[in-house]
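This report refers to the structure that appears directly beneath it.
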């Protein structure tokens, strides 16, 4: 659900980025307002797990993102309905995309389909077989993952690495699990119920929930500053003492060795 990333989106917005989150119909409950403004609109409910094709689902998510981008870029009437947006408010020469889990693979897929997207981030998501066998991009791409033991690490990144032809970096965050990238744990912590919901930190990880919100916001901001605004990429190339939980991984030599094996 797009609401699960509210803290990260608000943090990025506070840094000057216009953030658009997408509710994918049937993946989550999505409210469609009435077209005339007088009715109650319609809620399309989530249909749950249906054994769907992950390749198709990834492509549909990418197409949703491209549709949303096109509406913002080409539909002045649509843009005028969003408070604070004018004709010259958004710079469509500087567009980036990030996603978590399947959304991370969808970010790469959208970049392959639309060259308006100048940089992308995959947050703890596996790459799809079609991307590994066919896909590539020459634009900057960042992978942020939960920390995994070497023998448990998802092999899709190693297989995908050579297809990332432009700037690339891969990081892991110590203490994080797959669900740590959502802001749910931070909300539970602020409500004082995190120890009740996840007493052994098997779902949200051992990293302090508000801390990972800071870490991932910093990483996303620094990446988009680099990919879209010409900033530096130092935080992705050398250890930053302010962020000891960030592990730099998958250097080119490591990937080459993994591919040979």
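All of the numbers you see were taken from the coordinates with simple rules; none came from a lab. Worth saying up front: this structure is predicted, and the values here are computed from it rather than measured. Note: ideal-geometry Cβ built from the backbone for every residue, glycine included; neighbour counts use all protein chains shown.
Identify all residues within the range 111-136 that are in a loop (DSSP other than H, G, I, E, B) and touching a helix residue (DSSP H, G or I) at 6+ places or on another chain (Cβ under 8 Å); write none if there are none. Matches in the range 111-136: 114, 116, 124, 125, 126, 127, 128, 135, 136. Counting only helices (runs of 4 or more DSSP H) that fall entirely inside the range 181-231 and contain at least 1 residues that are crowded, with 16+ Cβ neighbours inside 10 Å and within 14 Å of the chain's Cα centre (by Cα), the qualifying elements are 209-229.
Can you say whether residue 58 is surrounded by 23 or more Cβ atoms within 10 Å (Cβ to Cβ) and touching a residue at least 24 places away in the same chain (Cβ under 8 Å), as far as the supplied structure shows? The answer is yes for residue 58.
Residue 36 falls short of the stated requirement of being part of a helix (DSSP H, G or I), loosely packed, with under 11 Cβ neighbours inside 10 Å and without any contact (Cβ under 8 Å) to a residue 60 or more places away in the chain. The residue that is farthest from residue 213 (Cα to Cα), among those in the range 154-180 that are free of Cβ contacts under 8 Å to residues at least 40 places away in the same chain and in a strand (DSSP E or B), is 164.
Which residues, counting only those in the range 132-149, are touching a residue at least 40 places away in the same chain (Cβ under 8 Å) and surrounded by fewer than 23 Cβ atoms within 10 Å (Cβ to Cβ)? Answer for the range 132-149, where residues must be touching a residue at least 40 places away in the same chain (Cβ under 8 Å) and surrounded by fewer than 23 Cβ atoms within 10 Å (Cβ to Cβ): 139, 146, 147.
Checking each residue in the range 86-110 for being outside any helix (DSSP H, G or I) and free of Cβ contacts under 8 Å to residues at least 40 places away in the same chain picks out 86, 87, 88, 91, 92, 93, 97, 99.
Among the residues making up the range 155-169, a single one is under 25 Å from residue 204 (Cα atoms), crowded, with 20+ Cβ neighbours inside 10 Å and out of contact with any helix residue (DSSP H, G or I) (no Cβ under 6 Å at 6 or more places or on another chain): 157. If you go through the range 104-123 and keep only what is under 28 Å from residue 244 (Cα atoms) and crowded, with 24+ Cβ neighbours inside 10 Å, you end up with 104, 105, 107, 108, 120, 121, 122, 123.
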